Structure formats: C-alpha cells, structure tokens
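Notes for the one structure printed next.
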Amino acid sequence: MTLRWNDLLFAHWPVAPQTIAPLIPSGLILDTYDNAAWIGVVPFFMDNVRTRTIGPRRIAIPTTSAFCELNLRTYVHSPISGLSGVYFFSLDAESALAVLGARTLFHLPYFWANMHRTIASDETIHYTSKRLLPEPGVRFDAHYRGLGHPTAADTPGTLEYFLTARYCLFTRYAGRILVGHIHHLPWLLEPAETEIRIDQLPSAHGITLPQRKPLLHFSRRLDVYIWSLEPDKPVR
C-alpha cells in the first residue's frame, strides 16, 4: 500500500514507564528516552492512498483515498526481532470503509469518527474529531501550525530520532505479535505551535498525561509504503 501523510502535528508527553507498561501487550517491550515513556497524539490528513492489485497498477478505493486520521501512540521494541516500532492505542479516521478495512486486514484499533480539518490564511489548521463507533463521544479539538525551517530527524540518539525513526508498527492478534513494515524517508520536522482545546483520547484509553506543555513538531508531508502484516520473528 502507498499513501501520503500531510500536515502532521506530533504532540508528545513524557510519562512514567510504570504507568504505561501494563497497557502494552505481552511480547513487546516499552521503549524509553531519558527514563520516560513517550505518548504521542498525532492528527494529520492522509491522501494518495493506493492498494496494489494484480500486476503493477495501483488503484484507489472510493472514500478511502483521502481522509483525516488521528492516532494515540507510544513506542516499543520486540525482544524476538529486535525491531523498534510504533504501538497504537487508537486510530480515529473519518472513512468508515478505511476503519473496517484496517480492523479486518491490519487488526489495528481503528475507530470511526466525525472529523473536520480547515486551513486558515496563515496556515493554521483547525482540526476536530468526535468518535462515532465503537465507544462514541471521544473528542479532540485543536489549532496548530508549523513554524518553518524544517530539519531532517536523521541523527541517532536524539529525541526526534527516537520519536520518528520508526519503520514498523506492532499489533497483537490471536495470541501473537504481528509486525507491519513501513518505508519512508526521514521526517522533515519543523517547530510548531498549538492550542489543544479538547483531548479526550488519552483518558479514554486509561492514560493520564502530565500537567505540562507537550513537545511539538510539525511535518508538511511524507510519502509512505506499508506492507502487509506478518508474524514477528527473528531478523536474519
């Protein structure tokens, strides 16, 4: 599958690892940086979604080729493969068909939501989400924008690299850990500013964020390739 992520806000908070570790499925280990686990809330707009069919041609499926998405995430690694990746607590999307497909094919905790994204003349993005199914009512409302001067998050050991150099996702299904490999260039990150008016995602999934401002980054766009899930296994 190929797709493009646009106008992403990365809002991250450090949290005590012992409060997050019980929420991670067995078979995965929580990653930490500066002795903290990191919780991310990431709103963005997805487009250019294409699925490979027989032969080289890629096709777009109606209502799933462009839509808003919002995820709640943390960072983990596998003791079996040694891979570091993303673990999603939730992914809200405005396309019901995309939600059904992702739950069925990728076994990810997608939720159907009523979502809106508008861009003002100063490039400020107003982004709202209200979950419809399942577990209706969870809301998010924020204004945000990038501040320019992007730099590549390609330096190992930095916090930006820890948060974004994640080239797979993990999920647990039918008693085993599955991994989906992701390919993209290093993120180009800008400093950002935001006003988060409502954010009910963490509490809806048993997470309490600290009473402090989040670490913010913004990325304008990134082309991505995602492969089908496979069982987690040692890397040869």
**Request:** Quickly run through segment 66-100 and pick out the residues that are more than 21 Å from L30 (Cα to Cα), touching a residue at least 12 places away in the same chain (Cβ under 8 Å) and surrounded by fewer than 18 Cβ atoms within 10 Å (Cβ to Cβ).
**Result:** A66, A96, L97
**Request:** Give segment 104-147 a look and list any residue that's in contact with a Phe, Trp or Tyr (Cβ under 8 Å, 6 or more places away or on another chain), more than 22 Å from L9 (Cα to Cα) and crowded, with 16+ Cβ neighbours inside 10 Å, or say none.
**Result:** L132
**Request:** Can you tell me which residue within segment 175-221, out of those that are among the polar types (S, T, N, Q) and not in a loop (DSSP other than H, G, I, E, B), is surrounded by the fewest Cβ atoms within 10 Å (Cβ to Cβ)?
**Result:** S203
**Fill in**
Scanning segment 1-56 residue by residue, those in a helix (DSSP H, G or I), touching a residue at least 12 places away in the same chain (Cβ under 8 Å) and surrounded by fewer than 20 Cβ atoms within 10 Å (Cβ to Cβ) turn out to be P17, T19, A21, L23
**Asked** Among (1) within 16 Å of G40 (Cα to Cα); (2) without any contact (Cβ under 8 Å) to a residue 60 or more places away in the chain; (3) not in a loop (DSSP other than H, G, I, E, B), where does H126 come up short?
**Response** (1)
**Fill in**
Of the residues in segment 159-206 that are among the hydroxyl-bearing types (S, T, Y) and touching a His at 6+ places or on another chain (Cβ under 9 Å), the one that is farthest from D232 (Cα to Cα) is T194
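Rule-based calculations on the coordinates, nothing more; no lab input. For clarity, every value in this text was computed on a predicted model and none was experimentally measured. Virtual Cβ from ideal backbone geometry, glycine too; neighbours counted across all protein chains shown.
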